[in-house]
Amino acid sequence: MQLPSPSDSMSSTSSHEQGASVREFLAFKLGREEYGIDILKVQEIRGYEAVTRIANAPEFIKGLINLRGIIVPIVDMRIKFNLGEPAYDQFTVVIILNISGKTVGMVVDSVSDVTSLLPEQIKPAPEMGTALDTDYLIGLGTLDERMLILVDIDKLMSSADMGLIEKMAA
């Protein structure tokens, strides 16, 4: 059995330190745009299924599903972001999120992959003034010719207009 040389252990330590700053995002599509959310917030990915509608809920809250005994509110991100009429097909998925101990589902057009980004690949979100609320944007992730709109899903789901989710889920 051969023991690793001191130089081997040093190189593995430095590569481990570099790996600590890499962030992983689940990439998903809404229309032609690709978005990313922190993979650690994702509990599971499911196919879209019929939901139980709730009277007087905002349009972007599709309704509720029973997920193994847990009642989960479902938010349609296409409606939330004003991206046109949603079309549900075989690619439509529900990303089940765990946010601050609450379970919430979000409907997206499709899921692409898990993308690892280094800090230098994440650019700050552009300032849009008051025309667009960018509080929930982390920034833009760039990977070759690809650009991901990185969403702080905690901030988005707990924003004032989404606060209804917490009331319904509680």
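When the residues of the stretch 35-79 are filtered to those that are touching a residue at least 24 places away in the same chain (Cβ under 8 Å) and among the charged types (D, E, K, R), the one that is nearest to residue 96 (Cα to Cα) is 44. For the stretch 40-76, which positions are in contact with a Ser or Thr (Cβ under 9 Å, 6 or more places away or on another chain) and open to solvent by 40 Å² or more (accessible area, probe 1.4 Å)? Residues satisfying the conditions are 43, 47, 48, 64, 66, 70, 71.
Screening residue 83 against (1) in a loop (DSSP other than H, G, I, E, B); (2) surrounded by 19 or more Cβ atoms within 10 Å (Cβ to Cβ) leaves a single unmet condition, (2).
Would you say residue 90 is closer than 14 Å to residue 157 by Cβ and either open to solvent by 70 Å² or more (accessible area, probe 1.4 Å) or in a loop (DSSP other than H, G, I, E, B) (or both)? First the steps, then the outcome.
Details: closer than 14 Å to residue 157 by Cβ: no; either open to solvent by 70 Å² or more (accessible area, probe 1.4 Å) or in a loop (DSSP other than H, G, I, E, B) (or both): yes.
Against the criterion (closer than 14 Å to residue 157 by Cβ and either open to solvent by 70 Å² or more (accessible area, probe 1.4 Å) or in a loop (DSSP other than H, G, I, E, B) (or both)), residue 90 does not qualify.
Taking the stretch 94-130 as the range and being in a strand (DSSP E or B) and touching a helix residue (DSSP H, G or I) at 6+ places or on another chain (Cβ under 8 Å) as the test, the residues that pass are 97, 98, 99, 102, 103, 104, 106, 107, 108, 114. When you scan the stretch 3-23, do you find a residue that is among the acidic types (Asp, Glu), outside any loop (DSSP other than H, G, I, E, B) and at pLDDT 95 or above, even just one? Checked the stretch 3-23: no residue is among the acidic types (Asp, Glu), outside any loop (DSSP other than H, G, I, E, B) and at pLDDT 95 or above.
Among the residues of this structure, residue 93 does not count as one that is over 15 Å from residue 30 (Cβ atoms), modelled with pLDDT of 95 or more and of a type outside the set (D, E, K, R).
Yes/no per residue for (1) open to solvent by 60 Å² or more (accessible area, probe 1.4 Å); (2) farther than 22 Å from residue 60 by Cα; (3) among the aliphatic types (A, V, I, L, M); (4) at pLDDT 70 or above:
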{"residue": "115", "(1), (2), (3), (4)": "no, yes, no, yes"}
{"residue": "119", "(1), (2), (3), (4)": "yes, yes, no, yes"}
{"residue": "123", "(1), (2), (3), (4)": "yes, yes, no, yes"}
{"residue": "133", "(1), (2), (3), (4)": "yes, no, no, no"}
{"residue": "148", "(1), (2), (3), (4)": "no, yes, yes, yes"}
{"residue": "155", "(1), (2), (3), (4)": "yes, no, no, yes"}
{"residue": "162", "(1), (2), (3), (4)": "no, no, yes, no"}
{"residue": "169", "(1), (2), (3), (4)": "no, no, yes, no"}
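The values are calculated or read from the model by the stated rules, or taken from the named source; none is laboratory data. Just so it is clear, the model here is predicted, and its values are computed rather than measured. For neighbour counting, all protein chains shown are included, and Cβ atoms are generated from backbone atoms with ideal geometry for every residue, glycine included. These accessible areas exclude ligands, DNA and RNA; they are computed on the full protein's heavy atoms, side chains included. Shrake-Rupley method; radii C 1.70, N 1.55, O 1.52, S 1.80 Å.
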